[in-house]
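See structure below.
The values are calculated or read from the model by the stated rules, or taken from the named source; none is laboratory data. The model shown is predicted, which means the values in this text are computed figures rather than measured ones. Note that each Cβ is placed from the backbone with ideal geometry, even for glycine, and that neighbours are counted across all protein chains shown. Note: areas computed on protein heavy atoms with side chains; ligands, DNA, RNA excluded. Shrake-Rupley method; radii C 1.70, N 1.55, O 1.52, S 1.80 Å.
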Amino acid sequence: MIQSFLTENFLCLPTVFSKEVIQLEQLSMFDYTEAASPLASRLRPETLDTFVGQKHLLGKGKLLRQLIDQDQIPSMIFWGPPGVGKTTLASIIARRTNAEFINFSAVTSGIKEIKDVMAKAERSRQMGIRTVVFVDEIHRFNKAQQDAFLPYVEKGSIILIGATTENPSFEINAALLSRCRVFVLQALSADDLMELLHNALKSPKGLGYLTVDISEELLHAIAMFANGDARTALNVLEMAVTNGEISPEKTTVTKEILEQCISKKSLLYDKNGEEHYNLISALHKSMRNSDPDAAVYWLARMLEAGEDPLYIARRLIRFASEDIGLADNQALSLAVSVYQACHFLGMPECSIHLTQAVVYLSLAPRSNSVYVAYEHAKRDAQTMLSEPVPLVIRNAPTGLMKDLDYGKGYIYAHDAEDKIADMECLPESLAGTRYYLPNDAGEEKRQKERLEEVQSWKDAHRKPKP
């Protein structure tokens, strides 16, 4: 064998070279050309039965599965995050359909290429041959390029399949979008990714030619880190195995090797586990306690562990209303703007935007009166679900409703001298209940003063009960 020959004749070879030779020996019965391609490419499913995830579309009896099985696919858009199988699904359709299949890239193709392909598709249509055109990253096409498809989709010269990570409502022309079915592909679950990783370790097309020693804990860590992206999960696994500790018997992947592969000490941070909730709690409570230093630290802990910046941004939006509310109306606007910045830029650039929001929210004046108001109203609503709407504020679109006194006595507040009408808008059993109790913090002081004016007016104008 290769190893014994080298051991006997080249004992002075460096250890690194010896490890490479051992791995080559494990590859001796494997196709080197195929092994050189990325693991994610080698394991790309070729049938619906081997496709992992998207059960809501491809499960038994589901619409998309039926359309593919019957070869009756319409023009459609696959919308979903990276690594969930949009391109793979198009490739499976290409193998299943009785039509010409053309793969088109929105990155490298212009209007001339589009028109050439469309002309060919039109000639095929006249000969009774269908043409399916798959456009990856269709959102990268500008309006003129998208418009070039429209007449051919309308005539049926082509069946268009577009793949996009962006919201089609904003990125695809309305006329083209109206002629396509939109199928939303979801991020893969941790169980889906675990299935893919186990298959990668067993499949001859994957890493099955090696004996890999990797714990379930580390496989789960890879699945959680990938955050629903199959390509990321397989790339991390391949990198870890490539850098594993190689012996004649097996390749061992340790926690330290896995951490080094992605340069993140906190790889094992579980985005659905206790540590995830501990850290977001620490961030929230540090901001609530007006401690920007602690808040920025917990923010960094989450981001460097691989947390989704959009998740953090959503939590900041919640904080802006729950803990600041009307005390600083700019807090919510800033939080929403930061969410948009994170969506546009992603990591690592958006870390500075999140830091800006965290510092601002930490130092903003505090008020939880909006939060308390809703929680109080929610408790009453849950226990009084059948309380009738007062007749005075009911809608009366028909004569019968008017005869039943719907809307009787309603006063349009804008027509009143003080822009307030003497009407009770709560159910009778809750009349006079106060839910919103503002404090004096920041801008909310003005809301409190205004509310006191309104209450004084209502007290002065309230009609005595008969």
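Summary table
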quantity	calculated
Proportion of all alpha-carbon pairs of segment 359-466 beyond 19 Å (%)	61
Residues of segment 414-433 with amide N under 15 Å of a point placed 7 Å along Cα→Cβ from residue 395	none
26 Å Cα cut-off, lysine pairs counted over segment 398-459 (separation 8 or more, or different chains)	8
Partners for residue 86 among lysines (Cα-Cα distance below 29 Å; same-chain residues under 8 apart left out)	55, 60, 62, 112, 115, 120, 143, 155, 202, 205, 264, 271
Helix axis angle, 309-319 relative to the chain longest principal axis, alpha carbon, degrees	10
Contact order relative to length of the chain, as percent, for alpha carbon pairs under 8 angstrom and 6 or more apart	11
Probe 1.4 Å, protein heavy atoms only - accessible area per residue of the chain in square angstrom	55
Cα centroid separation - segment 301-324 against segment 395-466, whole Å	37
Residue among 194, 341, 157 farthest towards the positive dipole end of the chain, charges placed on Cβ	157
Apportionment of accessible area to carbon and sulfur, the chain, percent (1.4 Å)	53
Where N is the number of residues in the chain, Cα Rg divided by 2.2 N^0.38 Å	1.36
Model label zone, residue 255; criterion: amide N under 18 Å from point 7 Å along Cα-to-beta-carbon; scope segment 165-208	none
0 to 90° range, to nearest 10: angle between helix 190-202 axis and the chain longest Cα axis	0
Qualifying GluC sites (Glu not before Pro) in segment 135-237, DSSP loop, other Cβ atoms within 10 Å at most 14	166
Debye, to nearest 20: dipole size of the chain, +1 on Lys, Arg Cβ, -1 on Asp, Glu Cβ	1480
Given the chain, longest segment not containing exposed loop chymotrypsin sites (Phe, Trp or Tyr not before Pro) (DSSP; at most 12 other Cβ within 10 Å)	11-411
Alpha carbon convex hull of segment 250-402, volume per residue in cubic angstrom	214
GluC sites (Glu not before Pro) within segment 369-466, DSSP loop, no more than 12 other Cβ atoms inside 10 Å	417
For segment 73-171, size of Cβ-based charge dipole, Lys and Arg +1, Asp and Glu -1, in debye	320
Using alpha-carbon coordinates, inclination of helix 369-383 to the longest axis of the chain, degrees	80
q = 0.18, 0.21, 0.29 Å⁻¹, segment 190-229: log10 I(q)/I(0) [Debye, one scatterer per Cα]	-0.46, -0.62, -0.98
